[in-house]
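Asker: Following this message is one structure expressed as structure tokens.
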Amino acid sequence: MNLAIRDIRYHRGRFILTSIGLGLLLGVVMSMGGIYRGLFADALAVIDSTRADIWVVQQNTNGPFAESSRIPEDIKYRIKAVPGVAEASPLSFQTIQIDRSGKPFRFFLIGYDLNGFGGPPEIVAGRGVRQKHYEMVAAKAMKMAIGEKIRLGLHDYTVVGITGKVVSSGGDPAAYVTLADAQDIQFKKDNSAIRNDRERIGENLGAIQALAPAQTKYLKQNIAGITESTHTVNTVVARLAPGANLQEVQERISRWNHFRPISVEEQTKILTKGMIEKARMQLGLFRAILLVISAVIIALIIYTSTLDKIKVIATLKLIGSQNRVIVGMILQQSLLMGVIAYGIGYLLILMTYEKFPRRIVLDAFDLQALFVIVVAICIISSFVGIRKALKVEPAEALGG
Amino acid sequence: MYAIEIEKLTKVYGKGETAVTAIADATFQIKPGELVAILGPSGSGKTTLLTAIGLINEPTHGKVVIDGATVADGGWLPGIDLKRLRREKLGFIFQAHNLIPFLTALENVMIALEINHLSRSEAKSRATELLGALNLGHRLNNFPSALSGGEAQRVAIARALANKPKVILADEPTAALDTENGKNVMILLKKLALENHSAILVVTHDHRMVEGFDRIFHVDDGRITGEKNNSGGSVNHELG
């Protein structure tokens, strides 16, 4: 006769409520694990979808994600000419927060060259960007409909397609526009600012008596051209030709002034070790604390449940029950509680993980490892109850 | 052969100046089929005597023999399996019936049989038969909380009898019952003692029930001070 099952059957309400409570706690532990994995997936989403071998950024920076990086767009031609480079494409990144329907709307805008690479990895609805201006592909998480317009900078942009789950390292969903549009949004000044700048340059140049009017006009046009130029990018990404040596290509670009070629491995390290390491450690610590809390709760539940059964245990001992019957009852209850709570936690997270604001990645290994940990916690926690039960004297069954 | 034999049984709690003698030099024998009471006030040592005979409380001195087997002689004999002996030779009935609250009446009896290595089907059949014999056939699937005091005590008796023990030890079995239910329990115990050829030793201070016993030992301050035989005789013990 299985005493553990019989006891649970009799006290089913209490057992179910306890298991649900514990299940919620384990659900939180699972979600922490999912967030932890999600941080990695988010951090690497753009890198993975770009599928570049080298990221050329501003010298002495860890750009373009961990640090600001600005390089001229036309460096792409020089990079393309490096032996071993198959293709190179400029990219621009910026985080944008606007008001949409009265609420803050935050996303990560990626500008890419329509003739290069680094654009949306897939189109799940609609089509990709075809026109040079004012079209946008939005990530599914932005919850924008095809045909919807959004004002960015000086212009309205129309959503023409939806891409999958691409996010920034901060977890903001990504949107793609052409590089020219992205540069306009990021660098182009509005008309009054341009007029002001031109006036200021004109006045400054006019104050130089030595300049002839024709020289002044020439200089004014040139300076305005430079200050109003938007042909700046955050990075130029390159793919190597088959058989090309990554180190050799990196060394060659490193010899140029003002640029730093970062391999994809280095970029991954910058993002995971630098940007999300603290968050990762915090989540890991939080998970460990939650597991300790779970262990304490299970131990407490099993201990109080054993205290409730002191008379039953004494009676069982008095009628000659073997210790294994009593130990089995406590251990099986503890394990059943842990396994049922794990199941509840798993169901809960399975039903809700897509609704979390940040990506939750449920990794099979993590879930299996947690199951093993829960079973181990149940076994260890039940020792407290078992120890108490083994100390119960049969004589305690006597008396009123 | 006696079902229970004790000789100069003594139990001392503590040591030195704080030592308390709970029972001193108790000697008696009980035959199979006999229903015997140990009567005495609270704190007189009745329960200590019962627990020593019930292989729960190790005697300090003296001898305990159950169904012809010596189990204690100045302490438990080395290598003796007390749990097995309790399972096979002894049955216990308690003041508050001590039924396991999360088992039905049937399962409460079955557990005693399954602990003694009977198969589930054998245990179920024997438990059903026993409960039927005690007029509890209609209460098999009821939990103890749904049984009356008298019914619960009869289930406890069925559990005590389940393994056909040679000795049944009862600790205040009628204390929690009204007079009528208490008398019914005593009639039942007497009937079972005769039918099963088991010795039944009852510890009680319930004077309402003394008529039903074959013999009564009076205990006071840890000593057996008298023995009354309901078939007539009375003996004064001068022990210790």
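Asker: When you scan region A:112-128, do you find a residue that is aliphatic (A, V, I, L, M) and touching a Phe, Trp or Tyr at 6+ places or on another chain (Cβ under 8 Å), even just one?
Answerer: First, the residues of region A:112-128 that are aliphatic (A, V, I, L, M): A:114, A:123-125.
From the residues that got through so far, the ones that are touching a Phe, Trp or Tyr at 6+ places or on another chain (Cβ under 8 Å) too are none.
No, there is no match, as no residue in region A:112-128 is aliphatic (A, V, I, L, M) and touching a Phe, Trp or Tyr at 6+ places or on another chain (Cβ under 8 Å).
Asker: Does residue B:54 meet the test of being crowded, with 22+ Cβ neighbours inside 10 Å, within 17 Å of residue B:167 (Cα to Cα), within 11 Å of chain A (Cβ to nearest Cβ) and touching a Ser or Thr at 6+ places or on another chain (Cβ under 8 Å)? If you could, list the steps in order and put the result at the bottom.
Answerer: Working: crowded, with 22+ Cβ neighbours inside 10 Å: yes; within 17 Å of residue B:167 (Cα to Cα): yes; within 11 Å of chain A (Cβ to nearest Cβ): yes; touching a Ser or Thr at 6+ places or on another chain (Cβ under 8 Å): no.
Answer is no for this residue.
Asker: On to the next question. Has region B:32-48 got at least one residue that is touching a strand residue (DSSP E or B) at 6+ places or on another chain (Cβ under 8 Å) and within 10 Å of another protein chain (Cβ to nearest Cβ)? Let's see the steps before the verdict.
Answerer: Quick first cut of region B:32-48, residues touching a strand residue (DSSP E or B) at 6+ places or on another chain (Cβ under 8 Å) only: B:32-41, B:44-48.
Keeping just the survivors that are within 10 Å of another protein chain (Cβ to nearest Cβ) gives B:47-48.
Within region B:32-48 (the criterion being touching a strand residue (DSSP E or B) at 6+ places or on another chain (Cβ under 8 Å) and within 10 Å of another protein chain (Cβ to nearest Cβ)), the answer is yes, since at least one residue qualifies.
Asker: Only one of (1) under 26 Å from residue A:280 (Cα atoms); (2) surrounded by fewer than 18 Cβ atoms within 10 Å (Cβ to Cβ); (3) not small (Gly, Ala, Ser) is not met by residue A:12, so which one is it?
Answerer: So residue A:12 meets the others, but not (1).
Asker: Next question, about the same structure. Could we say that residue B:182 is under 23 Å from residue B:44 (Cα atoms), away from every other protein chain (no Cβ under 14 Å) and assigned to a helix (DSSP H, G or I) here?
Answerer: Working: under 23 Å from residue B:44 (Cα atoms): yes; away from every other protein chain (no Cβ under 14 Å): yes; assigned to a helix (DSSP H, G or I): yes.
When the stated conditions are applied, residue B:182 passes them.
Asker: Pairs needed: first member in region A:240-267, on the phi > 0 side of the Ramachandran plot; second member anywhere, assigned to a helix (DSSP H, G or I) and crowded, with 18+ Cβ neighbours inside 10 Å; C-beta distance under 9 Å; at least 6 residues apart or different chains.
Answerer: Final answer for the pair search is A:258/A:75.
Asker: In addition: If you go through region B:35-48 one residue at a time, how many are open to solvent by less than 20 Å² (accessible area, probe 1.4 Å) and either within 11 Å of the chain's Cα centre (by Cα) or among the charged types (D, E, K, R) (or both)?
Answerer: The total comes to 5.
Asker: May I ask you to verify whether residue A:260 is basic (Lys, Arg) and surrounded by 13 or more Cβ atoms within 10 Å (Cβ to Cβ)? First the steps, then the outcome.
Answerer: Details: basic (Lys, Arg): yes; surrounded by 13 or more Cβ atoms within 10 Å (Cβ to Cβ): yes.
Yes.
Asker: Would you check which residues across region A:275-298 are open to solvent by less than 60 Å² (accessible area, probe 1.4 Å) and closer than 24 Å to residue A:56 by Cα and list them?
Answerer: A:276, A:277
Asker: Quick one: which residue in B:149, B:132 is open to solvent by 10 Å² or more (accessible area, probe 1.4 Å), under 18 Å from residue B:187 (Cα atoms) and touching a His at 6+ places or on another chain (Cβ under 9 Å)?
Answerer: Values: B:132 fails: touching a His at 6+ places or on another chain (Cβ under 9 Å).
So the residue among B:149, B:132 that is open to solvent by 10 Å² or more (accessible area, probe 1.4 Å), under 18 Å from residue B:187 (Cα atoms) and touching a His at 6+ places or on another chain (Cβ under 9 Å) is B:149.
Asker: Which one of A:106, A:78 is open to solvent by 40 Å² or more (accessible area, probe 1.4 Å), in a strand (DSSP E or B) and out of contact with any Leu (no Cβ under 9 Å at 6 or more places or on another chain)? Walk me through it before giving the result.
Answerer: On the way: A:78 fails: in a strand (DSSP E or B).
None of the other options fit; the residue is A:106.
Asker: Test residue B:111 against the stated conditions and say whether it is within 13 Å of chain A (Cβ to nearest Cβ) and in contact with a Ser or Thr (Cβ under 7 Å, 6 or more places away or on another chain).
Answerer: Working: within 13 Å of chain A (Cβ to nearest Cβ): yes; in contact with a Ser or Thr (Cβ under 7 Å, 6 or more places away or on another chain): no.
It is false that residue B:111 is within 13 Å of chain A (Cβ to nearest Cβ) and in contact with a Ser or Thr (Cβ under 7 Å, 6 or more places away or on another chain).
Asker: Going through region B:175-195 one residue at a time, which ones are basic (Lys, Arg) and surrounded by 16 or more Cβ atoms within 10 Å (Cβ to Cβ)?
Answerer: Narrowing region B:175-195 to residues basic (Lys, Arg): B:183, B:190-191.
Within region B:175-195, B:183, B:190 meet the criteria.
Asker: Then there is this: Taking residue B:100 as meeting all but one of (1) open to solvent by 50 Å² or more (accessible area, probe 1.4 Å); (2) under 30 Å from residue B:209 (Cα atoms); (3) within 8 Å of chain A (Cβ to nearest Cβ), write down the number of the exception.
Answerer: All conditions pass for residue B:100, except number (1).
Asker: Right, something else. May I ask you to verify whether residue A:364 is surrounded by fewer than 18 Cβ atoms within 10 Å (Cβ to Cβ) and out of contact with any strand residue (DSSP E or B) (no Cβ under 7 Å at 6 or more places or on another chain)?
Answerer: Values: surrounded by fewer than 18 Cβ atoms within 10 Å (Cβ to Cβ): yes; out of contact with any strand residue (DSSP E or B) (no Cβ under 7 Å at 6 or more places or on another chain): yes.
Yes, satisfied.
Asker: Within region A:367-400, can you find the residues that are open to solvent by 60 Å² or more (accessible area, probe 1.4 Å), away from chain B (no Cβ under 14 Å) and within 30 Å of residue B:47 (Cα to Cα)?
Answerer: Listed by number, the residues that qualify are A:387, A:388, A:391.
Asker: Check B:69, B:19 and return the single one that is more than 30 Å from residue B:142 (Cα to Cα) and free of Cβ contacts under 8 Å to residues at least 12 places away in the same chain.
Answerer: Values: B:69 fails: free of Cβ contacts under 8 Å to residues at least 12 places away in the same chain.
When all the criteria are applied, what remains is B:19.
Asker: To continue, here is another question. Which of the residues spanning region B:72-97 are open to solvent by 10 Å² or more (accessible area, probe 1.4 Å), touching a residue at least 12 places away in the same chain (Cβ under 8 Å) and away from every other protein chain (no Cβ under 13 Å)?
Answerer: B:74, B:76
Asker: In region A:144-170, what count of residues is obtained for those that are at pLDDT below 90 and either touching a Gly at 6+ places or on another chain (Cβ under 9 Å) or open to solvent by 70 Å² or more (accessible area, probe 1.4 Å) (or both)?
Answerer: 2
Asker: So residue A:349 clears everything in (1) open to solvent by less than 70 Å² (accessible area, probe 1.4 Å); (2) free of Cβ contacts under 8 Å to residues at least 60 places away in the same chain except one condition, right? Which one?
Answerer: If we test residue A:349 against (1) open to solvent by less than 70 Å² (accessible area, probe 1.4 Å); (2) free of Cβ contacts under 8 Å to residues at least 60 places away in the same chain, just (2) comes out false.
Asker: Here's a follow-up. Please specify each residue of region B:114-147 satisfying the condition of being touching a residue at least 12 places away in the same chain (Cβ under 8 Å), more than 20 Å from residue B:174 (Cα to Cα) and within 13 Å of chain A (Cβ to nearest Cβ).
Answerer: Hits for region B:114-147 are B:115, B:116, B:123, B:124, B:127, B:141, B:142, B:143.
Asker: Turning to a different aspect of this structure: If you take just the helices (runs of 4 or more DSSP H) that sit entirely in region A:185-296, which of them hold at least 2 residues that are farther than 30 Å from residue A:175 by Cα? Even if it seems obvious, please write down each step before you answer.
Answerer: Details: elements: A:191-206, A:213-228, A:246-254, A:264-269.
Where helices (runs of 4 or more DSSP H) fall fully within region A:185-296 and carry at least 2 residues being farther than 30 Å from residue A:175 by Cα, they are A:191-206, A:213-228, A:246-254.
Asker: Does residue B:172 meet the test of being surrounded by 19 or more Cβ atoms within 10 Å (Cβ to Cβ), among the charged types (D, E, K, R), under 22 Å from residue B:51 (Cα atoms) and within 12 Å of another protein chain (Cβ to nearest Cβ)?
Answerer: Values: surrounded by 19 or more Cβ atoms within 10 Å (Cβ to Cβ): yes; among the charged types (D, E, K, R): yes; under 22 Å from residue B:51 (Cα atoms): yes; within 12 Å of another protein chain (Cβ to nearest Cβ): yes.
In short, yes.
Asker: State all residues of region B:6-26 that are within 17 Å of the chain's Cα centre (by Cα) and open to solvent by 10 Å² or more (accessible area, probe 1.4 Å); if no residue qualifies, say none.
Answerer: none
Asker: Let me ask another. I need a count of the residues in region A:1-59 that are among the basic types (Lys, Arg) and away from every other protein chain (no Cβ under 14 Å). Even if it seems obvious, please write down each step before you answer.
Answerer: Keep residues of region A:1-59 that are among the basic types (Lys, Arg), which gives A:6, A:9, A:12, A:14, A:37, A:51.
Cutting the leftovers down to away from every other protein chain (no Cβ under 14 Å) gives us A:37, A:51.
The total comes to 2.
Asker: Taking region A:309-330 as the search range and keeping residues that are more than 20 Å from residue B:51 (Cβ to Cβ), surrounded by fewer than 24 Cβ atoms within 10 Å (Cβ to Cβ) and hydrophobic (A, V, I, L, M, F, W, C), which one is farthest from the other protein chains (Cβ to nearest Cβ)?
Answerer: Among those that are more than 20 Å from residue B:51 (Cβ to Cβ), surrounded by fewer than 24 Cβ atoms within 10 Å (Cβ to Cβ) and hydrophobic (A, V, I, L, M, F, W, C), it is A:327.
The values are calculated or read from the model by the stated rules, or taken from the named source; none is laboratory data. Nothing here was measured: the structure is a model prediction, and the numbers come from that model. Glycine also receives a Cβ, built like all others from the backbone with ideal geometry; neighbour counts cover every protein chain displayed. Side chains are part of the model used for accessible areas, which takes the heavy atoms of the whole protein and leaves out ligands, DNA and RNA. Shrake-Rupley method; radii C 1.70, N 1.55, O 1.52, S 1.80 Å.
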